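Chemist: Here it is, the structure, as structure tokens.
The values are calculated or read from the model by the stated rules, or taken from the named source; none is laboratory data. Quantities reported herein were computed from a predicted structural model and do not represent experimental measurements. Quick reminder, even Gly has a Cβ in these numbers, built from the backbone with ideal geometry, and neighbours come from all protein chains shown. Surface accessibility is based on the protein's heavy atoms, side chains included, excluding ligands, DNA and RNA. Shrake-Rupley method; radii C 1.70, N 1.55, O 1.52, S 1.80 Å.
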2 protein chains.
Amino acid sequence: MGTGDYELLWGEVSRPSRGRPAGLSRERIVAEARAIADAEGLQKVSMKHLAERLGSGVMSLYRHVPGKDELVLLMYDSLMTGPPPIPEADHWREILRGWGQGVRGLFNTHPWALSVATSERSMGPGEATWVDAVIGRLTAVGMPIELALISVLTVDCFVMGAVRPELAGDSGEAEFFQFLADPAMRARFPNLALLTQPGAATDVAMGDHFEFGLERVLDGLERHIETSA
Amino acid sequence: MGTGDYELLWGEVSRPSRGRPAGLSRERIVAEARAIADAEGLQKVSMKHLAERLGSGVMSLYRHVPGKDELVLLMYDSLMTGPPPIPEADHWREILRGWGQGVRGLFNTHPWALSVATSERSMGPGEATWVDAVIGRLTAVGMPIELALISVLTVDCFVMGAVRPELAGDSGEAEFFQFLADPAMRARFPNLALLTQPGAATDVAMGDHFEFGLERVLDGLERHIETSA
DNA sequence: ACTGCGATGCGTATGCGATACGCTAATTAG
DNA sequence: CTAATTAGCGTATCGCATACGCATCGCAGT
């Protein structure tokens, strides 16, 4: 992966005038694959299943995408075809907050995207468009461009990390600490046990974990800006 | 996954006195699988390859682990069998910094672990031990326990997000912005183009991205503590 | 020792997913 | 009308996880 993906993501899709015209298209394949992933999970995206949905033969797909792995990369980048989540605000903090929440929303809408995002890959046109846009907006409101880049990266890092527990299930904590039902385990993990005692304010903390963490990251950036100035 | 893993991770490994004694053991299988993953990547961990390494038949493995997916979970949790990365410090900030760096080191030593960590899963005994330990240490130096938990979660989120680009390759930036070699692309992404201009201080920023981000997160937590007090 | 239960080791068979190859069908340039 | 060119896709292959059932091995109880 890594290197060879460049051609795939950035190469142009040729549309020859000669020869048999294409019924399928890379666009349609990627869109249908995304529909499957959204509805049934990335695991259910097989070339066979995909071909059935498209009403075509399995091997026909290979005329439009090099292979399964590459298809997944295309699926991911196509998520960022639309407008980036940049709020109409004039303060960097609000812009980054909106950006972070937008990215979170993306992963919540397309849970399969997280595993793609956290795999080794190179940046595609969609992602580049989005990143370029935020950075442009941040510099427009006065943020130095190097700081803008690293701030976006930092926020993204936090968001990707923080989104995982959300995807694990709404119940969250209940299953997360399931083992603490056993008294022996409460003795083995006394601190975790404290947190699940009746009366502990953990529920609130866990529920708002994303918001809390994001604000802390923004606080940290703010302090850095104040200190540097 | 998710729910059914509980028994696997927390259930006791029976050692019956009757019947034929086991030559293989779950422990040995997991250890060998980890060795393969460390050396050749998680993708190369197949039941066949693993069995060859262990000098056993493929199906013998299934007497000790339920299946491949479960094996991977066991591999991950076994990473946290040793002592947690908690520095001998008395200030929460140093403790969390050391913890964050330690977790980062874990993922750098075992790159395959990141994809497991970012998949949906439940907490195993190893991870529980580590988390219990940090939280205990943080409360010991005066941090409220709810804050300790959410701070650890926040740091973990950042670390997991920030570690990915590191694993992608040492070159990092060069390949990351490969498409910007094309003048047409520099026009299409003007802000990213600025960042790769000769003279831009991006190299430094990207290189220290982890350290920078971690300090920002810690700054954010510090401000929150000051404000709350 | 002897025997039989209870557990392990593992060969074989199955089924699924990805994909290489090569033939067939559909257009269009000349 | 024909040759060139490209898309559609059936068939075959290969790797991988794993269900099933049999053979094997030792200890427990006699």
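Chemist: Under a crude label model (7 Å from the Cα following the beta-carbon direction), how far is residue B:211 from residue A:6 in nanometres?
Modeler: Spacing of the two 7 Å Cα→Cβ label points: 2.9 nm.
Chemist: In the P(r) worked out for the protein assembly as shown, what percent of Cα pairs fall beyond 43 Å? Spell out each step's value before the answer.
Modeler: Details: 19240 of 104653 pairs.
Considering the protein assembly as shown, 18 percent of its Cα-Cα pairs are separated by more than 43 Å.
Chemist: Now, a different point. In nm, one decimal, shortest first: how far is the label point of residue B:67 (7 Å from Cα along Cα to beta carbon) from the matching points in the other copies?
Modeler: Those label-point separations list as 2.5 nm.
Chemist: Still on this structure, I have one more. Please give the solvent-accessible surface of residue A:227 in Å², to the nearest 10, using a probe radius of 1.4 Å with every protein chain present.
Modeler: 110 Å²
Chemist: Then there's this: So, with +1 on the Cβ of K and R and -1 on the Cβ of D and E, and no other charges, what is the size of the charge dipole of the range A:32-87 about its Cα centre, to the nearest 20 debye?
Modeler: Dipole magnitude for the range A:32-87 comes out near 140 debye.
Chemist: In what sequence, largest accessible area first, do A:65, A:58 appear using a 1.4 Å probe?
Modeler: Details: A:65 5, A:58 60 Å².
These residues rank, largest area first, as A:58, A:65.
Chemist: Could I ask something else about it? Mean residue ellipticity at 222 nm from the helices of chain B, using -39,500 (n - 2.57) per DSSP H segment of n ≥ 4 over the full residue count, to the nearest 500 deg cm²/dmol?
Modeler: Using -39500 (n - 2.57) per qualifying helix, the result is -19000 deg cm²/dmol.
Chemist: Roll a 1.4 Å probe over the protein chains and send me the accessible area per residue for the protein assembly as shown in Å².
Modeler: Solvent-accessible surface per residue comes out at 48 Å².
Chemist: Another question, if that's okay. Rounded to a whole number, what % of the accessible area of the range B:24-150 do carbon and sulfur atoms account for, probe 1.4 Å?
Modeler: 51 percent
Chemist: Another question, if that's okay. With a 1.4 Å probe on protein heavy atoms only, tell me which residues of the range A:104-132 lose at least 50 Å² of accessible surface in the complex relative to the chain by itself.
Modeler: In the range A:104-132, residues shielded by partner chains: A:118, A:120, A:123, A:132.
Chemist: Would you work out which of B:225, B:183, B:56 lies farthest towards the positive end of the dipole of chain B? Charges go on Cβ: Lys and Arg +1, Asp and Glu -1.
Modeler: B:56
Chemist: Related question: About the Cα centre of the protein assembly as shown, what is the dipole size in debye to 20, counting +1 per Lys and Arg Cβ and -1 per Asp and Glu Cβ, all else neutral? Display every interim value, and only then the final one.
Modeler: On the way: 42 positive and 62 negative charges, 381 e Å.
Rounded to the nearest 20 debye, it is 1820 debye.
Chemist: Taking K and R as +1 and D and E as -1, what net charge do the other residues with C-beta under 10 Å from the C-beta of residue B:210 add up to?
Modeler: -3
Chemist: What's the local net charge at residue A:66, with K and R +1, D and E -1, over the other residues with C-beta under 13 Å away?
Modeler: Details: positive: A:26, A:63, A:68; negative: A:5, A:7, A:69, A:70.
Here the count lands on -1.
Chemist: What's the buried accessible area, both sides, between A and B using a 1.4 Å probe, rounded to 100 Å²?
Modeler: 5800 Å²
Chemist: Between residue B:142 and the same site in the other copies, what are the distances in nm, shortest first, taking label points 7 Å from Cα along the C-beta direction?
Modeler: 3.5
Chemist: Under the rule that an exposed site lies in a DSSP loop and has at most 15 other Cβ atoms within 10 Å, name the longest stretch of chain B with no GluC sites (Glu not before Pro) of that kind, not counting the sites themselves.
Modeler: B:121-229
Chemist: With a 1.4 Å probe and all protein chains in place, put B:86, B:36 in order of accessible area, largest first.
Modeler: The most accessible residue leads, giving B:86, B:36.
Chemist: Which is farthest toward the positive dipole end of the range B:24-170 among B:83, B:152, B:135, measuring Cα position about the Cα centre, with Cβ charges +1 (Lys, Arg) and -1 (Asp, Glu)?
Modeler: It is B:83, whose Cα lies furthest towards the positive end.
Chemist: Counting only the heavy atoms of the protein chains, how much of residue A:131 is accessible to a 1.4 Å probe, in Å² to the nearest 10?
Modeler: Surface accessible to solvent at residue A:131 totals approximately 20 Å².
Chemist: Normalising by the residue count of the range A:5-78, find the relative contact order in percent from Cα pairs under 8 Å and 6+ residues apart.
Modeler: Relative contact order here is 34 percent.
Chemist: Mean separation of Cα pairs under 8 Å and 6+ residues apart, divided by the residue count of chain A: what relative contact order is that in percent?
Modeler: Working: 172 pairs, mean separation 43.8, N = 229.
Reported relative contact order: 19 percent.
Chemist: Please report the net charge: other residues with Cβ closer than 15 Å to the Cβ of residue A:110, K and R +1, D and E -1.
Modeler: Charge balance in the 15 Å sphere: -3.
Chemist: With all protein chains present and a 1.4 Å probe, how do B:25, B:14, A:17 order by accessible area, largest first?
Modeler: Largest to smallest exposure gives the sequence A:17, B:14, B:25.
Chemist: Okay, moving on. What is the Cα centroid distance between the range B:134-157 and the range A:89-135, reported in whole angstrom?
Modeler: 28 Å
Chemist: Per-residue mean of other chain beta-carbon atoms within 10 angstrom of the beta-carbon, peptide B:214-226?
Modeler: Shielding by partners across B:214-226 averages 6.
Chemist: Which shape class, rounded, prolate or oblate, goes with the range A:2-127 when its Cα gyration tensor gives a ≥ b ≥ c as root eigenvalues, a/c under 1.5 marks rounded, and past that a/b bigger than b/c marks prolate?
Modeler: It comes out prolate by the Cα gyration axes.
Chemist: List, shortest first and in nm to one decimal, how far the label point of residue B:13 (7 Å from Cα along Cα→Cβ) is from its counterparts in the other copies.
Modeler: With the label placed 7 Å along Cα→Cβ, residue B:13 yields 5.0 nm.
Chemist: Hey, got the dipole for chain B? About the Cα centre, +1 on K and R Cβ, -1 on D and E Cβ, debye to the nearest 20?
Modeler: Numbers: 21 positive and 31 negative charges, 201 e Å.
Roughly 960 debye for chain B.
Chemist: Whole number please: convex hull volume per residue of the Cα set in the range B:5-78, in Å³?
Modeler: 85 Å³
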